[in-house]
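Asks: Supplied in structure tokens, the structure appears directly below.
Since every read-out is calculated from the coordinates, none of them should be taken as a lab result. The shown structure was predicted, so the numbers you read here are calculated from the model rather than taken from an experiment. Cβ: placed from backbone, ideal geometry, glycine included. Neighbour counts: every protein chain shown.
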Amino acid sequence: MTTDPRDPLDRYAVLGNPVAHSRSPFIHAAFAAQTGQALVYERELCPLDGFGVRLQALAAQGLRGCNVTVPFKFEALALAPRHTERAALAGAANVLCLDPTGWLADNSDGIGLVRDIEQGAGRPLAGCRVLLVGAGGAGAGVLGPLLAAQPAQVVLANRSADKAQALVARHAAWAQDHGVPLTAASLQAPGTGFDVVLNASASSLQGGAVPVPATVLGKGALAVDLMYGAAAQPFLDWARAHGAQARDGLGMLVEQAAEAFALWRGVRPLTAPVLAALRAEMAAGR
């Protein structure tokens, strides 16, 4: 991050490794233009063994807040002296906000996904049967807000049964408070006929096959891959081939960014025009 003492603009960034692919600068620049906020938002490549040191240095240079991507979400939560309830439940943070009392850690992934499903895709989650595939960081980040949307049922399917059971146990009280049955299942037998199927597994990143059978898709189901671009395409093709409505994670990306922007700036931007602009930008190969 470059700084100029004569530059009055508030500074934000996305921190990760790798980070060159991030669309966050485009999104936040669009939010700033839309809301009339004066700020700078940049990418910051952090050393794999030096996230905390780099974060401290950036704060000294005037960083006001940041998005955090892989592999630093767990470290971001541990470094912050304060955190939101949803960040604690997820066990990871993708947003940091600096104020006079220090860093506040938040996790906006789950609420971003819920808003994209309910508003972007027009699918209210209340009363739906939901299958969440993957109990890693992505699955952990979205499970709490999914339960808060009060679907009829959430099933968590994962390759490692122990990992799925641990995540279910961590969310058991939260699920009970919201009246949602939450269970773990294997990838081979996760259940059938779900209204919403969410792929939060590493299969898309690794170029692997869709990890669950097509019988998980109920009639007219919504199938969402939390990834976007080329990584999500095999899952989207699979979903459409089996009669489902397919959606990638680009809407979730924009919605989670809007949640971070609102935390930092106190104003919530409109997401639909920014998502449309981002899809056009990507379609043009930029």
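Asks: Quick check: residue separation of ALA241 and ALA126 times 0.36 nm, minus the Cα distance between them. What number comes out in nm?
Replies: 38.8 nm
Asks: Using the alpha-carbon centroid of each, what span in Å lies between segment 64-113 and segment 161-177?
Replies: Rounded to whole Å, the Cα centres lie 21 Å apart.
Asks: So what is the relative contact order of the chain, in percent, for Cα pairs below 8 Å that sit 6 or more residues apart?
Replies: Contact order relative to length: 15 percent.
Asks: Running Debye on segment 110-248 with equal point scatterers at the Cα sites and no solvent, what base-10 log of I(q)/I(0) appears at q = 0.09, 0.15, 0.21 Å⁻¹?
Replies: Results for segment 110-248 at q = 0.09, 0.15, 0.21 Å⁻¹ read -0.22, -0.63, -1.35.
Asks: Given the C-alpha centroids of segment 30-48 and segment 253-286, what is the distance between them in whole angstrom?
Replies: Centre-to-centre (Cα) distance: 11 Å.
Asks: Something else about it: Ignoring everything except DSSP H segments at least 4 long, calculate the 222 nm mean residue ellipticity for the chain; use -39,500 (n - 2.57) per segment, divide by total residues, nearest 500.
Replies: Value at 222 nm, helices only: -11000 deg cm²/dmol.
Asks: Could you give each residue of segment 199-208 its phi-based ³J(HN,Hα) in whole Hz, using Karplus coefficients 6.51, -1.76, 1.60 with θ = phi - 60°, and x for Gly or Pro?
Replies: 9, 10, 7, 7, 4, 5, 5, 8, x, x
Asks: Quick one: compute the contact order of segment 193-250, relative version, from alpha carbon pairs under 8 angstrom and 6+ residues apart, as a percent.
Replies: 37
Asks: With springs only between Cα atoms under 10 Å apart, run a GNM on the chain and tell me which of GLY52, GLY112, GLY65 wobbles the most.
Replies: Highest fluctuation among the options: GLY52.
Asks: Which one, VAL155, VAL53, VAL274, has the greatest fluctuation when you compute a Gaussian network model over the chain with C-alpha springs under 10 angstrom?
Replies: Judging by the Gaussian network model, the answer is VAL53.
Asks: P(r) of the chain in 10 Å steps, Cα pairs, percent per bin?
Replies: Here the calculated profile for the chain is 7, 29, 35, 22, 6, 1, 0.
Asks: If R₀ is 41 angstrom, what is the calculated FRET efficiency for the pair SER160 and HIS21, using the beta carbon separation as r and rounding to 0.05?
Replies: So the FRET efficiency works out to roughly 0.90.
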